[in-house]
Structure formats: C-alpha cells, structure tokens
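> Just dropping this structure here.
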Amino acid sequence: MSLDGQLPPKMRLLRAAAELLANSGGAPVSTRQITQLAGVTAPTLYHHFGDKEGLFDAVVAAGFEEYVAGERDFAPSGQPLEDIRRMWDNHVQFGLNQPELYLVMFGNIRPESRPAIVADAEALMEEMLNKAAVAGQLNVQPREAARSILAANVGVTLMLIAEPASERNLELSTMTRDAMIFAVSAEPASGAAPGDAGKSSVVVAAIALNAALQASHSDQLSSSELKLFLEWLHRISTSPAG
C-alpha cells in the first residue's frame, strides 16, 4: 500500500520512512520497503537524500525539531532548576512515546559526529542553566552542566526504553534527574567544612557574575577590559577547590 500520491515525492519518502521506523520493532528497514510504501523509485530517494541514512537523518531531524519546539513552548516558572526538571521529564516522555525514532536518534551514534539537533537541545538547556547561574544557583559552568545533564537524560531514557513497558520504574528517572541537578547546583553538601563552603561561594559568585556579564553585554567596560575581566572570572570559576 502506497501513501497519498498527491503528496510530493520528498514528503512521501519522509512519511514512509517514519512509518516504517515506528513499526519496525527495531528490525532493519530497507530502501526497497521505503520506496515501495512511498510509491517512488530508488533514484528518487537518492536524489532528495543521498542515501537511506540521509533519509533517516532527515526523519530524525524533523522529529527532534518537533520535540525542541515543544520544549521552547512552555512558560518559564521563574525557577530555572525547576524548569530543567520539566525539560528532563519531557525528554524522557518523548523517548517513551516514540521509542523507535528515539533509538535512531541516540542509539546508533556515529563516531565523532554529533547531530545538530542534539547541539540545539544542549543549547536550550544551557540557556536555562545560564539563568540559574546568574541567580547564583550553579557550582559549574552552564555549558558543562548542560552536557552532563543531557548525557544522563539520554542514558536514562535509553535504559527505560530497553525495559518491558510493564516493568519500567520511572522513579529511576526522577532519582537520576534530581541527583544530576544537585551535582551541578550551588547547594552545599551536608557535612561540608566551613572552608569548603567559603571556597564554593567564591566560585558560585564568579560563575554568576560571568553569566550576568555575558548576558547583559555591559557597556561600562571597553571590549578589551570586559574580555580580560571575563577571563579572570572564568579562571576563578574553573579553578580547583584546593
């Protein structure tokens, strides 16, 4: 059975690949299956996408763009770390709702090749974490926090997808989420020595000021002065606690 012949061939190929991936149960999807469902020939696929992997990349990009658009659509609560929790939960739910598509995105990563959409998701998380840094809520740079949290988010989602639906324990996601946010937040650990707390507060203040200056584009300093000041702040915020 072919898709609606009134659609342009490129759109039919995208829809056919998405449908076959969604119904594949993890089994390979062939070029022949795609072209038959789309009602086109293989050269048409090659013309639009280069090869089958190029078509799958386009399907993944379209699906993940929809996810990122949904992440950008929620109204910020005014509490950046709480919004990060919401983003984490939305990410996991996206993976559980569309497991085959998610596995194509994250389960078959090519060496030394990061999808642009993943970078976009990372940038979105970094944007929210930058607000947390300005508020003095982070003890690491926003970019490092974003990469760490997203990596854990992907790992938990893949683990949950691999489990039978009836045996999934979503508490695993909640526990990991909260542990990761605590790890990058400025809240001191219980039992920390007073000196450690003092050092931590200096680092947190440097990170906050660094983030605020970069966001405000301050005109109180010349470009060379601002660059030097930001470099000092970066050194303080990334220096070892000792």
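The values are calculated or read from the model by the stated rules, or taken from the named source; none is laboratory data. Please read all numbers here as calculations on a predicted model, not as lab measurements. Here Cβ is always computed from backbone atoms with ideal geometry, including for glycine, and neighbour counts include all displayed protein chains. All accessible areas refer to the heavy atoms of the entire protein, side chains included, with ligands and DNA or RNA removed. Shrake-Rupley method; radii C 1.70, N 1.55, O 1.52, S 1.80 Å.
> So residue 63 passes all but one of these: (1) surrounded by 12 or more Cβ atoms within 10 Å (Cβ to Cβ); (2) modelled with pLDDT under 85; (3) in a loop (DSSP other than H, G, I, E, B). Which condition number does it fail?
(3)
> While we're here: Quick one: which residue in 22, 18 is of a type in the set (A, V, I, L, M), within 27 Å of residue 172 (Cα to Cα), surrounded by 12 or more Cβ atoms within 10 Å (Cβ to Cβ) and not assigned by TED's automatic domain parsing to the domain that holds residue 180?
22
> Being modelled with pLDDT under 75 and in a helix (DSSP H, G or I) is the filter here, so list the residues in the range 107-135 that pass it.
If the condition is that a residue be modelled with pLDDT under 75 and in a helix (DSSP H, G or I), then 116, 117 are the ones that fit.
> Does residue 158 satisfy the condition of being assigned to a helix (DSSP H, G or I), open to solvent by 30 Å² or more (accessible area, probe 1.4 Å), touching a residue at least 40 places away in the same chain (Cβ under 8 Å) and within 24 Å of residue 22 (Cα to Cα)?
yes
> A follow-up question, please. Would you confirm whether any residue within the range 112-126 is open to solvent by 40 Å² or more (accessible area, probe 1.4 Å), touching a residue at least 40 places away in the same chain (Cβ under 8 Å) and within 20 Å of residue 185 (Cβ to Cβ)?
no
> Which of (1) at pLDDT below 85; (2) part of a loop (DSSP other than H, G, I, E, B); (3) open to solvent by less than 70 Å² (accessible area, probe 1.4 Å) is the odd one out, the single condition residue 71 does not satisfy?
(2)
> Give 47, 91 a once-over and let me know the one that is assigned to a helix (DSSP H, G or I), at pLDDT 95 or above and out of contact with any Phe, Trp or Tyr (no Cβ under 6 Å at 6 or more places or on another chain).
One residue alone meets the criteria, 47.
> Mind listing just one residue for me: the one in the range 25-43 that is open to solvent by 60 Å² or more (accessible area, probe 1.4 Å) and part of a loop (DSSP other than H, G, I, E, B) and, of those, modelled with the highest pLDDT?
Step by step, filter the range 25-43, then rank; the result is 41.
> While we're here: Just the residues that are within 15 Å of residue 82 (Cα to Cα) and small (Gly, Ala, Ser), please, taken from the range 118-140.
132, 133, 135, 136
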